[in-house]
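Here's the structure, in structure tokens; my notes come after.
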Amino acid sequence: MWRDLKGMIPVLLMLILVFTLMQVFFHTVCPMQIVCGIPCPGCGLTRAGVLLLQGKVAESFRMHPFLMGWVLLAADFFWHRYIRGTKAGEFPVLLTVIIAGMVILYIYRMKVYFPYMEPMKPRGGGLYSLFAGIMKK
């Protein structure tokens, strides 16, 4: 595990720098929020993670139910790679199911909750603000 982490140090440092700059200048680390001004399929994952770490499991699940899928996927990967020393054979299938589920949930949330309820509220800026301004005229 340490060998893997050691090899990723430059990449991790670059990601930390990029996310920090995005947060400072745009007040979000989501490229879709920055460019388009609307939520992405992953919107709410960070907040769900914070809620989970605070022990608020039900609130975390309401914010983004697929956080649990990502946690299980990471645990499965860790188990296979570092405990058993094997490749995770079901990893691509689980990844596909999680991503497909997130897209389906995103479409549902955009239809039902956008733009009035978290985490589907637009942040402003981007193409959404541009077109919203044009539509008001």
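All of the numbers you see were taken from the coordinates with simple rules; none came from a lab. What you are looking at is a predicted structure, and each value in this text was computed from that prediction instead of being measured. Counting neighbours? That spans all protein chains shown, and the Cβs are built from the backbone with ideal geometry, glycine included.
Within the shell of other residues whose beta carbon sits under 10 angstrom from the beta carbon of Ala48, the net charge comes to +2, with Lys and Arg scored +1 and Asp and Glu -1.
Of the peptides 10-20, 24-34, 110-120, how do they stack up when ordered by the mean number of other Cβ atoms within 10 Å, highest first? Don't skip to the answer; put the middle values down first.
Values: 10-20: 10.3, 24-34: 14.5, 110-120: 12.6.
Highest mean packing first, the order is 24-34, 110-120, 10-20.
For the chain, a Gaussian network of Cα nodes joined below 10 Å ranks Arg84, Arg109, Arg47 by mean-square fluctuation, and the top entry is Arg84.
Dipole magnitude for the chain: about 220 debye, using +1 per Lys or Arg Cβ and -1 per Asp or Glu Cβ, origin at the Cα centre. Against the chain, whose longest principal axis comes from its Cα atoms, helix 91-112 is set at around 20 degrees.
Across the stretch 41-116, counting alpha-carbon atoms alone, Rg and Dmax equal 14.2, 47 Å.
Each Lys and Arg contributes +1 and each Asp and Glu -1, all at the Cβ; summed about the Cα centre of the stretch 41-116, the dipole is approximately 80 debye.
Counting only alpha carbon atoms, the long axis of helix 2-26 and the longest principal axis of the chain meet at about 10°. Taking 13 Å as the straight-line reach from the Cα of Lys87, the aspartates and glutamates in range (excluding those fewer than 8 positions away in the same chain) are Asp76. The overall shape of the chain, judged from the alpha-carbon gyration tensor, is prolate: a/c is not under 1.5, and a/b is greater than b/c.
Projecting the Cα atoms of Leu12, Pro41, Ala75 onto the dipole axis of the chain, where Lys and Arg carry +1 and Asp and Glu carry -1 at the beta carbon, places Pro41 farthest toward the positive end. If one takes the longest principal axis of the Cα atoms in the chain, at what angle in degrees, from 0 to 90 and to the nearest 10, does the Cα axis of helix 67-78 lie? With both axes taken from Cα atoms, the answer is about 30 degrees.
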